[in-house]
Amino acid sequence: MKEINRLNDLFVRYLIGKEGDEDILENIVNAVLNDAGLESVSNLEIINPYNLPENENLKESILDVKAKTKDGKKILIEIQLVGNNNFIKRILYYIAKNVASELKENENYINISQMISISFLNFNLNIGSETDIRKEHKCLTFADIYNPTLRLDDFQIHFIEIKRFMEILKNASIDEYNKNKLLSWIDFFTTKDLEKSINKLIGGNIIMPKVIDKYKRFVADEKEMSAYNERDTFLYGQSVMLQYEREEGKKEGIEIGFKQGIEKGIEKGIEKGIEKGTKETLISTAKNMKNKNIDIELISEITGLSIEEICKL
């Protein structure tokens, strides 16, 4: 079976955001809610159904899937592959934007829906105490600081940290796996060999035969795969740039430290070492991108290496 990055946001939209497949969306939403001990939802309606032409050549990350229940709850789902704590502010912005868009001028604010935001993150957040940081599923609501049991559920913000869940998967028993459907979803998104994992996935979640069938149809569709490859190249470039910016930030921080009293000779020696390390990182990145058959001009634009240098790799 052909393997792709199943955390690619275009594929996720195809999987859980198509009309007629609301049962898949409902399953993954309830897997998240039940993991937090919250009530399930039902009768979901997809507000922004997946449409391939609208998702081709995307140059920014967008809200992946938006749905609503018959009793008025709004559900916002997003996949984010790279980021940091600033992502929290972005989610707050999305929620505020959706609240504002619900009401027309002079309309009664009592009509504002309950918002449930679910973000699957392929990076870890660093918020709260050490215990909070290690928590794989962070669920935030409005709560009284003196009595946390007194809370307002008008907003639920769920952060599913995939890498922490992967560690849990390693040690989960079959019974634990079968009881918690969220584990089967994390397994589906991250397993290296989907073919070998099919029986385990089906045993853990009754929706998985349909999920796997949709996956097979996606990888067999030339148009979908063409759009996927373009999106994957863009997401890979984003990841590379973020890594490069982090390294440059570290370099700048060290340089500032040098200027505060370290001898000039030591400063120059370390500076050269950092520059060498950065160059080696860019060369390694360019090699990986070239092996993925990514356009050489795009590699040059992302890494800063010349086309001539890249051709010699």
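Just so you know, all these numbers are worked out from the coordinates, no wet-lab data involved. Remember, it's a predicted structure, so these values are computed and weren't measured experimentally. Cβ placement follows ideal geometry from the backbone for every residue including glycine, while neighbour counts extend to all protein chains displayed.
Okay, here's what the table says:
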quantity: Burial ranking of peptide ranges 220-229, 152-161 (average Cβ count within 10 Å, highest at the top); calculated: 152-161, 220-229
quantity: Rough spin-label spacing in nm, given labels placed 7 Å along Cα→Cβ, for residue 222 and residue 147; calculated: 6.6 nm
quantity: Long-range amide H partners of residue 118 with built H, under 5 Å; calculated: 76, 77, 78, 158
quantity: Local electrostatic count, residue 135, Cβ distance below 14 Å [Lys/Arg +1, Asp/Glu -1]; calculated: -2
quantity: Net charge over other residues, Cβ less than 13 angstrom from the Cβ of residue 311 (K, R count +1; D, E count -1); calculated: -1
quantity: Extended-chain gain in nm, criterion 0.36 nm per residue less alpha-carbon gap, residue 307 and residue 154; calculated: 49.8 nm
quantity: Burial ranking of peptide ranges 67-75, 141-149 (average Cβ count within 10 Å, highest at the top); calculated: 67-75, 141-149
quantity: Cα gyration tensor, the stretch 87-129 - rounded (a/c under 1.5), prolate or oblate; calculated: prolate
quantity: HN-Hα J in Hz across the stretch 188-198 - Karplus 6.51, -1.76, 1.60, θ = phi - 60°, x for Gly and Pro; calculated: 4, 5, 10, 4, 6, 10, 4, 4, 6, 9, 4
